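For reference, the structure discussed in these notes is given below.
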Amino acid sequence: MNELSTTVAGPTLAEFEAAREVVARVARQTPMESSRHLERLFGAPVRLKCENLQRTGSYKLRGAYNRLSSLSEEERARGVVAASAGNHAQGVAYAARELGIRATIFMPVGVALPKLEATRAYGADVVLAGASIGETLDAAAAFADETGAVIIPPFDHHDVVAGQGTLGLEILEQAPDATTIVVPIGGGGLAAGIASAVKQRAAAEGRSIRVIGVQASNAAPYVASLAAGSPQQVPVVPTIADGIAVYRPGALNFEIIRDTIDEIVTVGEDDIARALLVLLERAKLVVEPAGAVAVAAIMTGAVPNDGPAVAVLSGGNIDPLLVQRVIAHGLAASGRYLTVRIGLPDRPGQLVRVAELVAGTHANVVEVMHTRHGRGMQISEVEIDISVETRGPAHRTEVVEALRRAGYSPVVLDD
């Protein structure tokens with residue numbers, strides 16, 4: 001929808017502008033980078049709003065600081081509490097430290113160690129509780145009831161939306177010619193803030209701008225909710241984009257997004273992995289999976305080209321162990337990594353022969369696993385899993401066909 005309703009819920013343009021002055025006390029104005037690679041794919045200029053370079057590693061600091069700044073002296077004295085597995089935890093912890101407020105952060109028992117250590121380093125008291133974020137939220141709510149601490153929600157609050165919307169005002173100033181902004185959507189705080197702020201500012205300037213939201217296919221409650229006309233809870237399948245994996249939209253966020261977002265698209269796991277790889281290789285940017293979905297949407301053609309676009313990279317807090325797995329997945333999804341399983345006669349020289357066949361296609365062997373104990377194998381057989389680096393889909397096919405011509409029956413394991 002290009003025309004902004006005069007009855008949009010949430011912060012006004014004046015409130016977004018006031019929040020920007022508040023947020024500027026702690027948040028950096030993050031850079032806006034161009035991407036020639038994405039421009040060639042998209043057919044128009046593509047800029048990357050690098051909120052992965054924000055303090056605490058994500059945009060969450062903006063909403064958290066704006067919310068905490070609005071607390072009364074009596075509320076500040078009671079302290080604050082939040083539940084989060086990552087970015088919200090760090091944003092609240094940092095904001096509380098800067099404002100001299102005691103913060104208690106509840107995190108799931110299995111939270112990634114880098115996120116746990118970062119939250120503690122910002123001065124918060126961290127309590128590990130619950131095997132899932134739902135159980136962690138319940139523990140935080142119980143703590144608030146017992147102590148009187150103020151709960152700081154991750155997205156469903158007027159002040160949080162106002163804080164996140166300051167990112168939209170920055171985008172318009174850094175990319176005044178942009179016609180489209182592509183933004184990740186989880187609970188909806190960031191998307192609601194950006195969409196409302198930029199639509200109101202654009203309307204005041206007598207122009208229009210399109211905002212497209214992106215969800216992971218495995219966790220897309222806004223798609224179902226907008227179709228139903230009200231917030232719906234949906235099952236969430238595990239996704240690498242855990243930062244935007246929510247079961248249900250925020251109530252206020254849904255109202256704003258319903259009236260301001262032009263379209264919501266979804267991207268799959270392979271799409272996200274490929275986007276992370278492109279950002280790492282081409283833009284030299286480390287981005288977490290949830291922060292890369294806007295780029296994934298551009299790469300898959302889900303974003304129509306009607307002029308310059310801005311993709312919001314919402315965060316960069318990614319566990320190094322996950323980076324390793326995602327890169328491998330992204331290489332496979334891009335046709336640059338191949339793993340095949342091959343049954344061989346158990347006699348000398350067979351592994352060498354396979355290696356020579358692969359080398360003959362100019363592919364590089366990176367790993368070999370050898371076993372005599374595979375299911376269904378004859379006593380005279382062995383089985384190998386061989387992983388190779390390839391140059392792309394055509395090269396992958398060349399490697400597999402070379403093995404087949406030699407009489408082997410390779411089974412591709414990473415399709």
Largest to smallest accessible area among 247, 222 [probe 1.4 Å]: 247, 222
Helix-only [θ]222 nm of the chain, DSSP H runs n ≥ 4, -39500 (n - 2.57) each, per residue, nearest 500: -13000 deg cm²/dmol
Rounded to 5, the percent of DSSP beta bridges in the chain classed as antiparallel: 45 percent
Charge dipole magnitude, Cβ of K and R +1, D and E -1 - the chain, Cα centre, debye nearest 20: 820 debye
Rg and Dmax [Cα atoms of region 73-232; Å; Rg one decimal, Dmax integer]: 17.7, 51
With DNA, RNA and ligands ignored, accessible area of residue 34 (1.4 Å probe; Å², nearest 10): 90 Å²
Surface accessible to a 1.4 Å probe, residue 299 within the full protein complex, Å²: 50 Å²
Point-charge dipole on Cβ atoms (K/R +1, D/E -1) for region 286-375, about Cα centre, debye to 20: 520 debye
Per-selection metrics, region 288-349 (Cα): Rg and Dmax in Å: 18.4, 62
Kirkwood hydrodynamic radius (C-alpha pairs) into Stokes-Einstein, region 195-278, 4 °C and 1.567 mPa s, D in µm²/s: 93 µm²/s
Computed lengthening from residue 401 to residue 117, 0.36 nm per intervening residue step minus Cα-Cα distance: 97.4 nm
Crossing angle, helix 251-260 versus the chain [Cα axis fit, 0-90 degrees, rounded to tens]: 80 degrees
Estimated translational D of the chain in µm²/s (Stokes, Kirkwood radius over Cα pairs; 10 °C; 1.306 mPa s): 69 µm²/s
Principal axis dimensions, region 266-415 - Cα atoms, whole angstrom, descending: 60, 29, 25
Region 273-415, relative contact order [Cα under 8 Å, separation at least 6], %: 26 percent
Filtered GluC sites (Glu not before Pro), region 1-90: DSSP coil and at most 11 other beta carbons within 10 Å: 3
Summed residue charge, Cβ within 11 Å of residue 165's Cβ, Lys/Arg positive, Asp/Glu negative: 0
Region 185-330: translational diffusion in µm²/s, Stokes-Einstein, Kirkwood Rh over Cα pairs, 20 °C, 1.002 mPa s: 138 µm²/s
Region 145-299, dipole about Cα centre (Lys/Arg Cβ +1, Asp/Glu Cβ -1), debye to the nearest 20: 380 debye
Counting all C-alpha pairs of region 244-354, share separated by more than 21 Å (%): 51 percent
Residue 174-residue 381 FRET efficiency (beta carbon distance; Förster radius 60 Å; 0.05 resolution): 0.45
Ratio of the Cα radius of gyration of region 113-184 to 2.2 N^0.38 Å, where N counts its residues: 1.54
Convex hull volume of region 56-123 per residue (C-alpha atoms, cubic angstrom): 67 Å³
With all protein chains modelled, accessible area of residue 128 [1.4 Å, Å²]: 80 Å²
Linear extension gain, residue 131 paired with residue 99, 0.36 nm per residue minus alpha-carbon span: 8.4 nm
Convex hull volume per residue for region 13-97, taking Cα atoms only, in Å³: 121 Å³
Approximate spin-label separation residue 205-residue 109, in nm, with each point projected 7 Å along Cα-to-Cβ: 5.1 nm
Approximate shape of region 260-324 as ellipsoid semi-axes (Cα gyration tensor, √5λ), whole Å, largest first: 21, 12, 11
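The values are calculated or read from the model by the stated rules, or taken from the named source; none is laboratory data. These numbers come from a predicted model, not from an experiment. FYI the Cβ positions are ideal-geometry reconstructions off the backbone, even for glycines, and counts take in every protein chain you see. Areas reflect the complete protein model, heavy atoms only, side chains present, ligands, DNA and RNA absent. Shrake-Rupley method; radii C 1.70, N 1.55, O 1.52, S 1.80 Å.
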